[in-house]
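Step one of this worksheet: look at the structure below.
The values are calculated or read from the model by the stated rules, or taken from the named source; none is laboratory data. Only a predicted model underlies this, so the values are computations on that prediction, with no experimental measurement involved. Cβ placement follows ideal geometry from the backbone for every residue including glycine, while neighbour counts extend to all protein chains displayed. Just the protein is used for accessible areas: all its heavy atoms, side chains included, with ligands, DNA and RNA removed. Shrake-Rupley method; radii C 1.70, N 1.55, O 1.52, S 1.80 Å.
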Amino acid sequence: MNTAASDTAKPKTSRDWDLRAVAPFIALALLLVLGALANDNFISVANLSNVITRSAFIAIIALGATYVISSGGLDLSVGAMVAFVASLMILFMNSGVIADPLLMLIAGMALALAIGAACGLFNGLITTVGQIEPFIATLGTMGIYRGLTTWLSQGGAITLRDRELQALYRPVYFGEVLGVPVPIIAIFVTAAIAAFVLYRTRYGRHLIAVGSNEDVARYSGISVKRVRTIAYVVQGLCVAIAVLLYVPRLGSTSATTGILWELQAITAVVVGGTALRGGVGRIWGTVCGAFILEIVGNIMILSNFVSEYLIGAIQGAIIIIAMLVQRSLSRRS
Amino acid sequence: MNTAASDTAKPKTSRDWDLRAVAPFIALALLLVLGALANDNFISVANLSNVITRSAFIAIIALGATYVISSGGLDLSVGAMVAFVASLMILFMNSGVIADPLLMLIAGMALALAIGAACGLFNGLITTVGQIEPFIATLGTMGIYRGLTTWLSQGGAITLRDRELQALYRPVYFGEVLGVPVPIIAIFVTAAIAAFVLYRTRYGRHLIAVGSNEDVARYSGISVKRVRTIAYVVQGLCVAIAVLLYVPRLGSTSATTGILWELQAITAVVVGGTALRGGVGRIWGTVCGAFILEIVGNIMILSNFVSEYLIGAIQGAIIIIAMLVQRSLSRRS
Amino acid sequence: QEEKKVTIGVSIPAADHGWTAGVVYHAERVAKLLMEEHPGLTVLVKTSADPATQANAVQDLAVQGIDALVILPTDPDPLVNAIQQVKDAGTFVALVDRAPSNNDNGVRDLYVAGNNPALGRVAGEYIAATTPDAKVAVIRGLPIPIDQQRQDGFDQGIEGSNVEILERQYGNWNRDDAFRVTQDYLTKYPEIDVIWAQDDDMVVGVLEAIEQAGRTDIQYVVGGAGSKDMVKRVMDGDKMVPVDVLYPPAMIATAMQLTADSLYDQVPVSGEYILDATLVTKENAEQFYFPDSPF
Amino acid sequence: MMAAPSEKVPVLIEARGLSKSFGPVEVLHEVGLTVRPGEVHAIIGENGAGKSTLMKILAGTHAPTRGEIRIDGQAVQFSGPVDAEHRGIVLVHQEILLAPDLTVAQNIYLGRELPKGLTVDDRAMNEGAARALADLGSEIDPKATVGRLSIAQRQLVQIARVLLVPHRVVIFDEPTASLTPFETEALLKVITDIRAKGVGILYISHRLPEVKEIADRVTVLRDGHVVATHDVSELEPADMARLMVGRDVSKLYPDRQAAAVQDKVLEVEDFNVPGYARHASFHLNKGEILGFAGLVGAGRTELMEGVVGLRRGSGTVRHLGQPASFADAQASLKAGIAYLSEDRKGKGLLLLKDLATNLTLASIGKFVRGLQIDRKRESEALDAAIAEFDIRTGRKDLLAGQLSGGNQQKLLIAKMMLLDPSIVIIDEPTRGIDIGTKEQIYKFIARLAQEGRSIIVISSEMPELIGICDRILVMRSGEIVGEVTGERMTENDIVVLATGVNPGMTSGEAA
Ligand SMILES: Nc1ncnc2c1ncn2[C@@H]1O[C@H](COP(=O)(O)OP(=O)(O)OP(=O)(O)O)[C@@H](O)[C@H]1O
Ligand SMILES: Nc1ncnc2c1ncn2[C@@H]1O[C@H](COP(=O)(O)OP(=O)(O)OP(=O)(O)O)[C@@H](O)[C@H]1O
Ligand SMILES: [Mg+2]
Ligand SMILES: [Mg+2]
C-alpha cells in the first residue's frame, strides 16, 4: 500500500474528472475499430443506424437510471416495469373505448406516461418513506410488476389488435425524420433534456447533493425524500418513453418482455462513468454506455469467429476489458 | 444507497442494534404463523424440513455474500459460478481418471472447492487490483462463467454418468444424521464457521473495517485489497460448498442452473439485516433471510388463494412487507 | 460444377435449456451437412436469448446479406415486425415452431412446426385413457404463449374424462424449480396419481422429489419434448415414465433442409409442415433415441 | 513546565528543505524543522499555511515533492503511513479517521488486534481501551459504536488509538479543536507524561495560550514558508499571533453594546430530544448573541438540531410570537433560521464537489434564472465569499475537501450566510480556525447582531463565549442548568455550572 493508491481514489483536481468523463467515449471508439476489423458491413451506415436505433430502449431507461443512481438509489424493477406499462398500454388501446385511432394512440401514450410515472412514484415512496434499501424495495416491485403482467396476459402475449392503429403507430419506431430514425432522435432529445435538468437546474443540483452526502443535503434544507422520490418518478417516465418506442416495434408484449433490462441499464450507466455509490451523474456517458453494450452484441453476431455458446462469455470479457481501459485512462495523468 | 434518515441509520443505544438484529427472526416467526394459517401441512416436520433443506444452496451462498457485502463489495456472478463449478465437477467425475468411486468422489469434491476458490479469486482480483466497480466486474464474470458453462454443456445438461458414484454421493443431499438432513447440518456448520471467523478473528475484524471505511483501514495498516480479495474467495468457497450439495440432488447440471440465485442470495443477506453499503455483517440474519425467502415460496404453493399468475407479485409484496415490519421494529424504541 | 453462392441465415433461441440446446445442436449439425452438400452455400447460425435481442440478430443477419432466413422465434408475436422486414426485402423466410397470431404467407414462405396444442392434447388423452379417474398435478413452463397452447391442448385432451386437475404452477422449464414445486405438491396433496410436467427437463426434478418423499401414490409422470434421457427411460420400461410426447428439436433441421432445397433445386417450397406430437412408447422409443444429442 | 531539552540532545527527526506541490500550487516551500527527544515543538500558522500538509509528510501520508526527512540522522523515505508508524512516528489526524461501524475498542486496536489463540482477545482490548481513554480523562464506553459518538468523543478515541502504538515522535494536528477545557487539560497532562519519557512531540493548535503552556519551541508557518522558530519563552501569545498573521491581533473580540431591545424572536419551552436533552426552555431576543456553554456531550448540538427540525424532538417553539414546528431544515430555513453544523465534513460540505457548488447549495434558488442556474452569478458569489470571509484557496476549482480545515469552516459560514437568515445558530464557529480569522468571524457575528439578526453560539471555548455573548446558558447532561450574564460571565462560573461540582450553585440559578 502506498500513498499513490489513496491519491487516485480521490481525484485532486477537476481535470481528473474530465478524463474520466471522456474514457467511455474512447472505449466506444476502440470498439468501433474492433467492429470494423471484424466485419466489413459493420461500419456501414445501415448497420450503425440499426444498432443505435435499437439501443434506444436501454439508453432511455438508463438515462432514468442515471438519475436514480446519482441520487444514491437503485432501481431493479425497470425491466418488469417495461412489460407492465406496455401491457396496460396495449390493453387500453385494444379496449376500443376511443373510436378514432389517432386520438386513441395519443390517449394510449399519455396513459403509458402516467402509469410509468405512477410506478416510479411507488418505487420512490417505498424506498424513501418506507426506508427500505432500494435494492430490496425494487426487487420486490420487480416481482409485483412482472407478476401483474403475467396475470394481465394470462401467461401469454398481449398483441395490439387494431391494424389501423398499428399502421399509424409504426413510424414511431420505424420512421425517420430527415433521414434519422425516430428512436435515435428520441435518445438524443431525452438525453439533452436529462442533461439540462441534471446539470443546469436547481433540482439537478439537489439530486447530486443528496447522492453525495445525504446529511449535508438535509442540513442544507433539501428534502432528501422528495428529491429521491422524484428521481424514481423520472426513471418511471423514462421507462414509459422506452415503452412508447417499444410497442410499435414489436406490436406486442408478454410477461417476458424486458427481462434483465435492469441489469443492462445499470451496466450502461456504470460503463458510462457514473459511480454506483451516487453523487455523480454522467448523462452523455450513459448514452455512450448503452451504445457500447449494443455494439458489443452486434459485433458478436457480425463476426463469425465466436461459437454461439461462448457469446455470453465474450460479452462479459469485453465489458470488463472496457472498464479496465477506462480505469487505466483515468489513472494516467 | 441507504435512504434511512440518519437518526435511524445511527441508532442511539445498544438496544437498537439488538432489535435490528432480531427483526429478521421476528419476520420469520410471523411468516411461520401465516403459513400455519394457510395450510395445515405447513407446520409439519416433513414440510419444514423440506423447505429448510432446499434453502441450503441459497443460504450457504448468501453466507459468502455476507462476507463480500460487509467488505463493501458485491458479487453478481454466484449463480453462474454454481453452474460452472458443478459442470466442471461432473465432467471431471465422468472422465473416469480415477477408478475407485470413493476416491473419485473425494477428488471431485476437492476439485469443486478449488475451482470455486479460483473463481472467487478471479472476481476479487478484478475488483481490487483492476479497480472495477464490483457490480460491473461480477456482471462481467457472470457472463463469462455462464458462457463457459453453456459451452461445456453444449447448451444441454451435464449428467453424472457413473451409477455407483451417484449412489455413493446421493446421501450428501438426501441423507440424514440423527434424523437431521445433511444439508441442514451443512447450513448450520457453515454459518457457525462463518460467524466465528467474522466475529472472533482478526480477519473478520479487518473485513468489517474495510467495509466501514476503506481509508481508515488503510491507515491502520490493513491491506484493503487483500482483505476484499479474500472475501471473494470465501464467496467462491461457499458457492463450491453449495455445489457439493447441489450435484447429488439431481445428479446433473445445465446452463440454466443457478439462474438468478445471485439476486436471491443478496436478498437473503439484506433481509437478514446486513446493509449493502458494507461495514455490517449478520451471519445468522442471513441464514434467517434465506429461510424467509424459501418459506414465502412454499406458502405460495401450499395456500389455495393465489392464482399461479400472481405468485411473483405476491412474493414481491411479501418481501417488501417483511422489510417494512423490520424497519418499524427497529424504529420503535 | 460451379454452385451458386447462397447464404442462409438461421436465427434460433440461445441454448438456455435442454430443448433449445437440442435445437442448437441440430441446427449446427445440419448447417455442416448442407455446406458440404453445396459448396457455394454459407449457413450462418445465430442464437439469441430473448425476443428483443433476436430481433436485433435478424436485423444483423439482414445487414450481412442473406438469401433466406430460417427462424425459430423465442417468442413469435414480438418478432413479427422484424421478420416482416426481412420478408418485405424479398428474402425467403422459413418460420419454425412458434407461430405469430397472424401466420400467413405475408409473413413467411414456409412454416415448419411441432404441434404445441397437440403436445398437450396427446398427453391429456394418454392420461385420460390410462387412468380415467386420475388426480393430476400440472407443472407449467414459463408464462409465454407456447405454454398456454400446451395447457389448452391438455384441457382438450382430458375433456369428457374424470381426470381432475389439482393444481397448475410454473416450473419455469427448470429442473430445480420443478423439484421445489413437486415437493410442495407432495406436501399439499396426500394423494396424487399423475404429474404432467410438460417438459422433460422438469421431469428430472419431479422424479427426484418423488423418490425422496418415498411416495408410492404417484403412478407415473408424463413429460414432453423427447429428451434422450426420457426416451431412454421409456425404452427401458421405467414404470414412472411409461411414455413421452415428442416435440422434436430436429424440426429446425427439417426447415433448413427444405429451405436449401428451395434455393438450389428451384422447387418452390412453401406452405405448412406440421410435425406430429408423437406419443413415444416402449415399442417405438428406439427410433427417437439420439445418444449424441445434448438433449 | 519542564525545561527545554538542550541543544546538545541529538535530533530525533528532522525535515530538510521539504517542499510540496499539489498540481501547480506549491503549498510548502523549503521547510526545515527538528524535533528532539522530550521536546514539544509547536507549529502554528494561519489556516491553509500548510501545517497539516507538513505533518502528513512527516508521517508518511504524503510524499514530499522535494527535500528529505531524517530520523536519527539517517535519511529515510516512507512507503506509507504504516511504514512511518513502524519507525515510531505517529500522527493524530486533524480529520477524524475511524471506522464508524466498529466499536471504540475495535477501532483503537484496529490493525494490531491482541490475539488469543485463533481469535482476538476482545476482553483485553476493551480493558486496554478503557484504560487508554481513562488516561485522557474520558469515560467513553469501549463497546460503544464509534458512529454514535460525538465529534469530541471521536477525537479522544483517535488520540487514544495513536498513543497505544509504540512511538518515538507523536504528531498532534489540532487535537484540542473539538475538546472542552476539561479534556484539553487531561490531554496536556498526557503530553507532559509522554514527553517525560523522551518522546518528541509536534503540536499544532490555534489556541495560542495552550501553545504557550505546553510547547518548548514554536515554529511559525506562513503560506508554506517557515517564518521563524523560537523558544517559547521568547514569545507571548500576542507575538505568536503577530508572526502568524503578519499584523497585530491585540483585540480579538469586538466592542459591542448588549442588545437593548427585549423582543423575543424565538421562544423554546419544555423541549425534549429523546436521549439527549430534557425540559429545555430558553428564549432569544432580537439582535442578541446568546451563548450555549457546556461540556462535551452536554446535548447542546442535539437540542438545537431538535429545535430546527433536524432531529426528532418535542416541545413548544414560538418564532416571532407564532407557534412554530419545523419538520425539517427546509422549514426552518424558510422561516429564516439557519443552523451551522459542528460537523463540517459530515454534515456541512460536499467534500467531493467544488467550492461554488458548496457555497450555493442551500440557497440555489437565488441563483436560478428562468429554469437555469446562472453559473456566472454563482462564480461571482464565490469571489465575493472568498473576499468577505478570507477563504484561502490557491485555485477556485478546488474541491471543498481540498481546502484546509479552517478554510472549510469559512466556506460553511459563507454558505449559510447566503441564505440571509434572521436567526443564526452557529455550532462551534471557530473550531480549527486561526486567530486572525477568528477575529474576523467575531466581527462578523457582531455585525450580524448589529443588523438586527439574532444569534445563538454554541461553543466549547469559554473565552470566546464570554468575549462575544450577551448572555450565556449552560447545559449539563441534557439540561439547561443555568444562565450567566454581565458580571457573572466568568470562566469559573460557567465551569461550576457545566460540571456541577459546586452543588450549592446549580438549582437556584436555572433560567
Ligand atoms: N490534496 C490536496 N490537493 C490540493 N490542494 C491541497 C490538498 N491538500 C491541501 N491542499 C492545500 O494546501 C494548503 C495547505 O493546507 P493544510 O491543510 O496543510 O493547511 P493547515 O495549515 O493545516 O490549515 P488549517 O489550520 O486550516 O488546518 C491549502 O491551501 C490547501 O487548500
Ligand atoms: N455514544 C453515546 N451513547 C450514549 N449517549 C451518548 C453517546 N454520545 C453522546 N451521547 C449523549 O448525547 C448527549 C449529547 O452529545 P454531544 O456530544 O453531541 O453534545 P454537545 O453538547 O453538542 O457536545 P459538543 O460539545 O461536542 O457539541 C449527551 O447526553 C451524551 O451523554
Ligand atoms: Mg490543518
Ligand atoms: Mg455539539
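What to note about this one:
- Those helices (runs of 4 or more DSSP H) of segment C:139-248 in which at least 1 residues are closer than 29 Å to B:Leu310 by Cα, considering only elements entirely within it, cover C:145-158, C:175-188, C:200-213.
- Qualifying residue in segment C:211-218 (condition: surrounded by 23 or more Cβ atoms within 10 Å (Cβ to Cβ) and of a type in the set (Lys, Arg)): no
- Residues located in segment D:368-384, provided they are farther than 19 Å from A:Gly281 by Cα and more than 8 Å from chain A (Cβ to nearest Cβ): D:Arg369, D:Gly370, D:Asp374, D:Lys376, D:Arg377, D:Glu378, D:Ser379, D:Glu380, D:Ala381, D:Leu382, D:Asp383, D:Ala384
- Note on segment D:34-60: residues that are crowded, with 21+ Cβ neighbours inside 10 Å and either more than 10 Å from ligand 1 (Cβ to nearest atom) or not assigned by TED's automatic domain parsing to the domain that holds D:Val199 (or both) amount to 9.
- Answer residue from segment D:375-404, given it is surrounded by 22 or more Cβ atoms within 10 Å (Cβ to Cβ) and of a type in the set (Gly, Ala, Ser) and is farthest from ligand 2 (Cβ to nearest atom) among those: D:Ala385
- Test for D:Leu221: is it buried (at least 21 other Cβ atoms within 10 Å of the Cβ) and more than 16 Å from ligand 1 (Cβ to nearest atom): no
- Segment D:270-298 - residue that is open to solvent by 30 Å² or more (accessible area, probe 1.4 Å) and touching a His at 6+ places or on another chain (Cβ under 9 Å) and, of those, farthest from ligand 3 (Cβ to nearest atom): D:Asp270
- Check on D:His206, modelled with pLDDT under 90 and within 16 Å of ligand 1 (Cβ to nearest atom): yes
- Checking every residue in segment D:426-434 against the condition of being under 27 Å from A:Thr201 (Cα atoms) and within 13 Å of another protein chain (Cβ to nearest Cβ) gives zero matches.
- Strands (runs of 3 or more DSSP E) (entirely within segment D:72-178) containing at least 3 residues that are surrounded by fewer than 23 Cβ atoms within 10 Å (Cβ to Cβ): D:74-76
- Selection count, segment C:65-90, where residues are open to solvent by 20 Å² or more (accessible area, probe 1.4 Å) and more than 14 Å from chain A (Cβ to nearest Cβ): 3
- So A:Gly312, is it open to solvent by 10 Å² or more (accessible area, probe 1.4 Å), closer than 30 Å to C:Gln148 by Cα, at the interface with another protein chain (Cβ under 7 Å from one of its Cβ atoms) and over 13 Å from the mean Cα position of the chain (by Cα): yes
- Lone unmet requirement of (1) in contact with a strand residue (DSSP E or B) (Cβ under 8 Å, 6 or more places away or on another chain); (2) outside any strand (DSSP E or B); (3) at pLDDT 80 or above; (4) open to solvent by 20 Å² or more (accessible area, probe 1.4 Å) for C:Ile127: (4)
- Restricting attention to segment D:56-79, the residues being at negative phi and over 23 Å from the mean Cα position of the chain (by Cα) number 14.
- Test result for C:Val241, at pLDDT 85 or above and within 16 Å of the chain's Cα centre (by Cα): no
- Listing of helices (runs of 4 or more DSSP H) fully contained in segment B:21-111 that carry 1 or more residues being at pLDDT 90 or above and surrounded by fewer than 24 Cβ atoms within 10 Å (Cβ to Cβ): B:45-54, B:78-95
- Top-ranked residue of segment B:212-235 - restricted to ones that are at pLDDT 95 or above and open to solvent by less than 10 Å² (accessible area, probe 1.4 Å), ranked as nearest to the other protein chains (Cβ to nearest Cβ): B:Val227
- Checking each residue in segment B:192-211 for being more than 9 Å from chain D (Cβ to nearest Cβ), out of contact with any Cys (no Cβ under 9 Å at 6 or more places or on another chain) and buried (at least 21 other Cβ atoms within 10 Å of the Cβ) picks out B:Leu198, B:Leu207.
- Evaluated against (1) over 27 Å from D:Gly50 (Cβ atoms); (2) more than 14 Å from chain A (Cβ to nearest Cβ); (3) within 16 Å of ligand 2 (Cβ to nearest atom), D:Ser422 falls short on exactly one condition, (3).
- Among strands (runs of 3 or more DSSP E) entirely within segment D:383-486, having at least 3 residues that are free of Cβ contacts under 8 Å to residues at least 12 places away in the same chain and either among the hydroxyl-bearing types (Ser, Thr, Tyr) or within 16 Å of ligand 3 (Cβ to nearest atom) (or both) singles out no element at all.
- Assessment of segment A:236-249 against the conditions (within 8 Å of chain B (Cβ to nearest Cβ), crowded, with 23+ Cβ neighbours inside 10 Å and in contact (Cβ under 8 Å) with a residue 12 or more places away in the chain) yields no matching residue.
- Listed by first and then second residue, the pairs with beta-carbon distance under 8 Å, at least 6 apart or on different chains, first residue in segment C:31-48 and of a type in the set (S, T, N, Q), second outside any loop (DSSP other than H, G, I, E, B) and open to solvent by 20 Å² or more (accessible area, probe 1.4 Å), are C:Thr42/C:Thr7; C:Thr42/C:Met35; C:Thr47/A:Glu308; C:Thr47/A:Ile311.
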